[in-house]
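Asks: Have a look at the structure that comes next, please.
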């Protein structure tokens, strides 16, 4: 992680990737940049974590890929959300909201 980034909590990377590609098809590095952008540069994803996660999500059927050309005319694999991925994103988002609410309640407890 860079100085400006925060570590991504274990188990949240897949959800962040699904959210990023839900906003439009992206190549791998574009996913990384989109997550940084929509987090206000507060999250930075390591490429070493990103590509295995993309492979895993594609293998699970949550995202689909197609070869295309990147902005600098290089061959790149573009990822987009599948119907299964959209359902999973919705489920994971709801779970995250519930869990963050519970954790917030625990941390707000007074002695």
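Asks: Can you tell me which residue within region 52-81, out of those that are part of a helix (DSSP H, G or I) and touching a helix residue (DSSP H, G or I) at 6+ places or on another chain (Cβ under 9 Å), is farthest from residue 17 (Cα to Cα)?
Replies: Checked region 52-81; the qualifying residue farthest from residue 17 (Cα to Cα) is 60.
Asks: For region 82-111: of the residues being in contact (Cβ under 8 Å) with a residue 12 or more places away in the chain and in a helix (DSSP H, G or I), which is farthest from residue 18 (Cα to Cα)?
Replies: Once the filter is applied, the top-ranked residue is 96.
Asks: Of all residues in region 56-85, which are surrounded by 13 or more Cβ atoms within 10 Å (Cβ to Cβ) and out of contact with any strand residue (DSSP E or B) (no Cβ under 7 Å at 6 or more places or on another chain)?
Replies: Passing the criteria: 56, 60, 62, 84.
Asks: Please give the number of the condition residue 51 fails out of (1) at pLDDT below 95; (2) surrounded by 10 or more Cβ atoms within 10 Å (Cβ to Cβ); (3) at positive phi.
Replies: So residue 51 meets the others, but not (3).
The values are calculated or read from the model by the stated rules, or taken from the named source; none is laboratory data. Since the model is a prediction, treat every value here as computed from it, not as a measurement. All Cβ positions, glycine included, derive from the backbone under ideal geometry; neighbour counts span all protein chains shown.
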